[in-house]
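So the structure is just underneath, and the comments pick up after that.
Nothing in this text is a laboratory measurement; each read-out follows from the coordinates by a stated rule. Since the structure is predicted, the reported quantities are computational estimates derived from the model, not experimental observations. When we count neighbours, we look across all protein chains shown, and the Cβ atoms used for this are built from the backbone with ideal geometry, even at glycine.
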Ligand code: SF4
Ligand code: SF4
Ligand code: SF4
């Protein structure tokens, strides 16, 4: 597994070179907030500022969504392996152009503190990049890293799962931080904000909260890359990723489909046949 300091150094060097040679207008990466000294997304435009770019165990955000703000500009982005999958998904949905993008992909991702996605993560090398940093991990090394992981939710029966998620979603204040943190949630108008029709009440009662999470969960099928950014963003400590992650594991189990592995790959729900005899999510 790679080490945070050497990855940080490599990222800064590549960013410096790209900016010095005017290959990109800006580099999107992680750095320390000027006043808070906490990890925050930063946008570096000058080569002399490239040393501000770092990577450490607290770089929990997915930066991919920022690419939508800079369409038509030449931008470099630092991508953890899970974020590189999100970039592939945007490319496959034609939301961004490959020629506008320079990807600095992290190999041998050492993971993020407190992110439960990392406990089961088996894609530890960037799946698409122009420059790679860190040390590529072999399949054996990756398997050793996740050895012993057991999905507690998978062990529950239906009633236990319902009770578990009821307990989680009861605490939800519908701040929508999970939606904002997620690369998938990029609709111009989210169903949560619609008033014609109105899908949700204003309350934060369990039934409205459940509706939000169920509807968002359906939108995650075949798109969630299991990065855990939603869970890390939640101020109430709700296990919000588990819901979306279940849609990922179901897609993998039923359709042998893993999202974001290839920029040419179509999203799971954008292709269907009316006479399809395969088992579906609803069965
Ligand atoms: S889920 Fe965790 S370990 Fe896997 S690529 Fe993302 S940050 Fe790294
Ligand atoms: S971030 Fe947490 S509290 Fe906010 S809407 Fe999502 S699950 Fe609810
Ligand atoms: S729903 Fe999936 S893709 Fe979106 S932030 Fe959560 S784990 Fe990442």
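Things worth noting here:
- Of all DSSP bridge pairs formed entirely within segment 4-146, close to 35 percent run antiparallel.
- Value of relative contact order over the chain, rounded to a whole percent, pairs C-alpha under 8 Å and six or more apart: 19 percent
- Residues 255, 30, 149 in ascending order of nearby Cβ atoms (within 10 Å, fewest first): 149, 255, 30.
- Angle in degrees between helix 158-170 and the longest Cα principal axis of the chain, rounded to the nearest 10: 60 degrees
- Burial ranking of peptide ranges 168-176, 201-209 (average Cβ count within 10 Å, highest at the top): 168-176, 201-209
- Approximate shape of segment 90-196 as ellipsoid semi-axes (Cα gyration tensor, √5λ), whole Å, largest first: 30, 26, 11
- Alpha-carbon centroid distance for the pair segment 131-167 / segment 1-52, whole angstrom: 30 Å
- Size descriptors for segment 158-270: radius of gyration and Dmax over Cα atoms are 14.3, 41 Å.
- Listed by Cβ neighbour count within 10 Å, with the fewest neighbours leading, 137, 261, 156 appear as 156, 261, 137.
- Counting 0.36 nm for each residue step from residue 93 to residue 155 and taking away their Cα separation leaves a gain of 18.9 nm.
- Here the label points at residue 37 and residue 51, each 7 Å from Cα along the C-beta direction, are separated by 1.8 nm in the simple model.
- Helix-only mean residue ellipticity at 222 nm for the chain, each DSSP H run of n ≥ 4 adding -39500 (n - 2.57), per residue, nearest 500: -10000 deg cm²/dmol
- As a calculated quantity, the FRET efficiency between residue 275 and residue 3 at R0 = 35 Å, using C-beta atoms, amounts to about 0.10.
- Long-range tail of P(r) for the chain (Cα pairs > 29 Å, %): 35 percent
- Shape category assigned to segment 1-82 from the gyration tensor of Cα positions, a/c cut at 1.5: rounded
- Taking other C-beta atoms within 10 Å as the exposure proxy, 96, 7 rank 96, 7 from fewest upward.
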